[in-house]
Amino acid sequence: MDFFQHQERARRKTGLLVLYFILAVIAIVVCVNLALLLTLFWGNVQIVHAHQWLAHPIVHWVTGLTLAVMIFGCLIKLWQLRNGGKGLADMLGARHIPMDSVDISEKKLINVVEEMSIASGIPAPQLYVLDKESGINAFVAGFRPSETVLVVTQGTLNELNRDELQGVIAHEFSHIFNADMRLNLRLLAVLAGILALGKVGEYLIRGQRRSSSNRKGGGGLVFAGLALMVVGYVGLFFGRLIKAAISRQRELLADASAVQFTRNPAGIGGALIKIRNGNGSHLTSPHAEDMSHMCFGETLRFRWRNLLGTHPPLDERLRALGSDWVARARSRARNTLSTATHSNPEIPQGASAFAGGSLKPTRNENPPAAPSQRIGTVSEPDMGYARSLLETIPDDLRRQTRSPKSAENVLYALILSASNSSTEALLAALDITGQRPALVTLSKQIHAQGSRLRLPLIDLALPALKPLPATDRARILTHLTALIEVDDRYSFFEWALVGLARQQLGDQSGKNRRTRFRRYGALAAELQLLFSVLTWASGADEKDARTLFQLSTHGLLPAGRTLLPLTHCGSHKLSNAIERLADLSPLLKGPVIDAAADLVLADGKVQVQEAELLRAVSALLECPLPPLFNR
């Protein structure tokens, strides 16, 4: 199953979630009415005979009020999560980790995340830490891959070595690829509605206990609160059942993906062993129940775990890594002193169950996969490329991508280093005083590194700017636009830089996107424009360009849609076309990416500029493409 199939599966599971929710609502409404009927029966209050109960107006009022409370609970949670992952992190009281943090454990996390981000083509997530949580746990949240939040516990930073941390991060990145994040946020809202009645019951009981003026005649409120709490436990049962049905297999899939990404079962295996034998993964947060389906490990203890647990048992997850991992976990549990002296567990025999064979790189005899099949994956060469690329960036330049002010200057300097306009004209368009000498020096340093580092520098700089206020982000976008409009021409790199900046810093960043188009015919003009731009970018002459356009777009465009003249392919038109294509059904995006790759790679060579353009288009379509690909 590839990236696009996972996206479509997540969309179908949203429909399944709605069905579960409806069934849970029906069960809760029945329980509420049954509780009221029993209360009236025990109180010798006979309003109507039991067989006539369904027709009585009080049933309609109770049902309506129950539904209103549940819908209100959903709406409150949706409002809290309106900003996606950031809203969830704020709700949990998580502390934002700046990209220029000097804390050793936080720097280790930043390095691992940047490496995984470059290797996968996904913008680096915003990082948060739960300072008061000593258990080992983590989760990702967000509406789309370009706007992701990664939250880890302090225990994760304190207890895990780099390989183990990389295994956990790879596990969480797989949830991004598999479109689990949006489903998880929706599940949070649905469960809030299911549990709303129990919350009301707790509030009534707490309020009665704290009240000193209503000691007489308050028994009714306490009884009502107890009844609602009982119904709340019914909702809790259904909530856990829904989460278990949706989450358990996803966790095993994410474990498998983590091993495939890192080719190192000892990473995630070591993390699971430390959870099993150490402080566990449980959270003390009052939101632990809400978060149980999102986290790397179980967040709380409860009975019937095998039936209602959101995660498979730890021994089952270890056994999936290889037959010897459970025995190793038990051995380490018996000898904790020896465990403390070995930060990297030896890979046991059979540990490559998820890796698909030997852990050593093997020569692939099969033809290279199409770019669309590489989307949402990370290979060992990708990880090696990302590691070597990050090592290539000078330390002082890499530091400048991590603080907001210097990261802003990196974006400006990238345009200065690549533009054909005069430096004086560009600096005048910026209208920034006092920083011009520093910008000129920085642009020369970036230019000296070559074009290979341009896109990675964008990927590193933008995450540092995301936490800025909306006014500052709008100012940066205004300056970037002014820079590239100095000569009234957009280069492909300038278009990619501004497009990625708008995607991640603009007004709509962090907002949910919905699928609006389910057939190519609805976007024929947009596809025609995109493919025309890519055809001219290939460098083909006019005759060859028309042939190439027809061959590469066959089946995607209706008859009559031919190659547009270059004069009809403006940058603003292209940006608007990409914005609409991003709302295409996931299963229809794969062929678009492949046709785009055919056009970019028409001459059999992959130039840096062509690779930048293809990766930028993929990123703007919310389809993260790894940096290395062949056809």
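The values are calculated or read from the model by the stated rules, or taken from the named source; none is laboratory data. Quick caveat: nothing in here was measured; it's all calculated off a predicted structure. No Cβ is skipped: glycine too gets one built from the backbone with ideal geometry, and neighbour counts run over all protein chains shown.
For the reader, a short list of remarks on this structure follows.
- Scoring residue 280 on the criteria (1) over 19 Å from residue 188 (Cα atoms); (2) modelled with pLDDT of 85 or more; (3) in contact with a helix residue (DSSP H, G or I) (Cβ under 8 Å, 6 or more places away or on another chain) leaves a single failure, condition (3).
- Considering residues of the range 275-303 that are touching a Gly at 6+ places or on another chain (Cβ under 7 Å), part of a loop (DSSP other than H, G, I, E, B) and not hydroxyl-bearing (Ser, Thr, Tyr) only, the residue surrounded by the fewest Cβ atoms within 10 Å (Cβ to Cβ): 279
- Counted residues, the range 548-574 - those being over 25 Å from residue 487 (Cβ atoms) and not in a loop (DSSP other than H, G, I, E, B): 5
- Remark: pairs (first residue in the range 19-40, over 23 Å from residue 187 (Cα atoms) and at pLDDT below 80; second residue of a type in the set (Gly, Ala, Ser) and surrounded by 18 or more Cβ atoms within 10 Å (Cβ to Cβ); Cβ separation under 6 Å; 6+ apart in sequence or on different chains) = 35/227.
To keep it simple, each residue is scored yes or no on (1) of a type in the set (Gly, Ala, Ser); (2) in the same structural domain as residue 19 (by TED's automatic domain parsing).
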position: 81; (1), (2): no, yes
position: 97; (1), (2): no, no
position: 108; (1), (2): no, no
position: 111; (1), (2): no, no
position: 121; (1), (2): yes, no
position: 141; (1), (2): yes, no
position: 149; (1), (2): no, no
position: 152; (1), (2): no, no
position: 160; (1), (2): no, no
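- Residue 473, sole failed condition from (1) buried (at least 20 other Cβ atoms within 10 Å of the Cβ); (2) more than 24 Å from residue 98 (Cβ to Cβ); (3) not hydrophobic (A, V, I, L, M, F, W, C): (2)
- Among (1) modelled with pLDDT of 85 or more; (2) part of a loop (DSSP other than H, G, I, E, B), the one test that residue 212 misses: (1)
- Positions within the range 447-492 being under 29 Å from the mean Cα position of the chain (by Cα) and outside any helix (DSSP H, G or I), in sequence order: 466, 467, 468, 469
- Here 563, 557, 584 are screened, and the one residue that is assigned by TED's automatic domain parsing to the domain that holds residue 541, crowded, with 19+ Cβ neighbours inside 10 Å and touching a residue at least 40 places away in the same chain (Cβ under 8 Å) is 584.
- Verdict on residue 545 being in a helix (DSSP H, G or I), closer than 19 Å to residue 577 by Cβ, among the small types (Gly, Ala, Ser) and under 32 Å from the mean Cα position of the chain (by Cα): no
- Under the condition of being under 32 Å from the mean Cα position of the chain (by Cα), surrounded by fewer than 19 Cβ atoms within 10 Å (Cβ to Cβ) and outside any helix (DSSP H, G or I), the residues counted in the range 394-443 number 2.
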